[in-house]
Amino acid sequence: MGFSQSDHSDVVVSPYVGRFAPSPTGHLHMGSLLAATASYLEARAHSGRWLLRIEDVDRGRIEVGAADSIVNALLRFGFEWDGPVLYQSSQYSQYRAALSDLIGDGRVYPCFCSRREIALHARSGVDGVVYPGTCRLGVTKKRGAHSWRMRTEDRDYSFLDEIQGWQTQNLAKDVGDFVLLRADGCWAYQLAVVVDDAASGVTHVVRGADLLDSSPRQIALQQALGLPTVKYAHIPLLADLGGEKLSKQNKAPALQIGSEVLQLWQCLDFLGQQPPVELQSADLKNLWLWAFSAWDLAKIPKKRSVSVTLEAKNEYKILF
């Protein structure tokens, strides 16, 4: 049986369903808190539902205990999600069904190329190298394990990002045929996120601008699978002086226990909401009450990143 959004009869229909979907590769840090805060407040501003999903599909990158640490940190900050936490590792049958549908429609093909072979012939694109289409043309000799790639079309995919404005990308030229299932059996992010969003009834995605260039691929997959197109809003990333994203990979410090009010206040400040300084000494409940009443997506800076420096006590300062 193929993948279908209608297979999930337990999904509650809502005019707005948002979500936060961190990967358990380390502790929650300020960049992740920024995305959680923006997506949470935007969902509540629309009287919508807000879901929590742990994206643990890439088993090789998972840090033991990180998922529980993330959930506990969100609880400590006062986030309240709707329904149980969804773990991608429980969704593999749905990914297989979606891939089976795409295979049946001729939209994907097996790829036997190694990374070294691809690097020899590929050019740079918007998100890494552009796959040269070797196996699409049937050139590479079949051997052992293989990945599955999505056939991209030589046409523009355009969408209105609610923060960054109109975006246009030609998948064939800017990205190339992209992987849905890796040769090592690991499901790729692009397929997993599309299937999970549809299964949960997600209508709006608010996330970091590092994923802005992934959106056309996800829209293409939504269309290929006959799923509704999600609306996107990409917030600016927190970056260091060199433009490097604040992330777990570059050792961004974990959020400090006991400093929740100040860290949430900083997030609201980074998001352009201009919280009153006196709220730095308020309790968490009153800070959230102010945020719910004052939240305005239009105030978020319309840029891909905001430069910050790490001050004493793990406090961040915006650089203008």
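The values are calculated or read from the model by the stated rules, or taken from the named source; none is laboratory data. Just so you know, these numbers come straight off a predicted model, no measurement behind them. All Cβ positions, glycine included, derive from the backbone under ideal geometry; neighbour counts span all protein chains shown.
What to note about this one:
- Residue within the stretch 145-158 that is farther than 24 Å from SER89 by Cβ, touching a residue at least 12 places away in the same chain (Cβ under 8 Å) and among the aliphatic types (A, V, I, L, M) present: no
- Residues located in the stretch 254-270, provided they are touching a Pro at 6+ places or on another chain (Cβ under 8 Å) and aliphatic (A, V, I, L, M): LEU268
- The stretch 31-64, residues that are under 14 Å from the mean Cα position of the chain (by Cα) and either surrounded by fewer than 17 Cβ atoms within 10 Å (Cβ to Cβ) or hydrophobic (A, V, I, L, M, F, W, C) (or both): LEU33, LEU34, ALA35, ALA36, ALA38, LEU51, LEU52, ILE54, VAL57
- Annotation: of all residues in the stretch 64-78 being free of Cβ contacts under 8 Å to residues at least 60 places away in the same chain and assigned to a loop (DSSP other than H, G, I, E, B), the one that is nearest to LEU33 (Cα to Cα) is GLY65.
- Residues in the stretch 119-161 that are under 26 Å from the mean Cα position of the chain (by Cα) and of a type in the set (Val, Ile, Thr) were compared, and the one that is nearest to GLN223 (Cα to Cα) is THR152.
- Qualifying residue in the stretch 122-139 (condition: in contact (Cβ under 8 Å) with a residue 60 or more places away in the chain, in a loop (DSSP other than H, G, I, E, B), outside the structural domain of PRO236 (by TED's automatic domain parsing) and in contact with a helix residue (DSSP H, G or I) (Cβ under 9 Å, 6 or more places away or on another chain)): yes
- Looking only at the stretch 67-126, and only at residues there that are in contact with a Pro (Cβ under 8 Å, 6 or more places away or on another chain) and buried (at least 19 other Cβ atoms within 10 Å of the Cβ), the one that is farthest from ARG49 (Cα to Cα): ALA67
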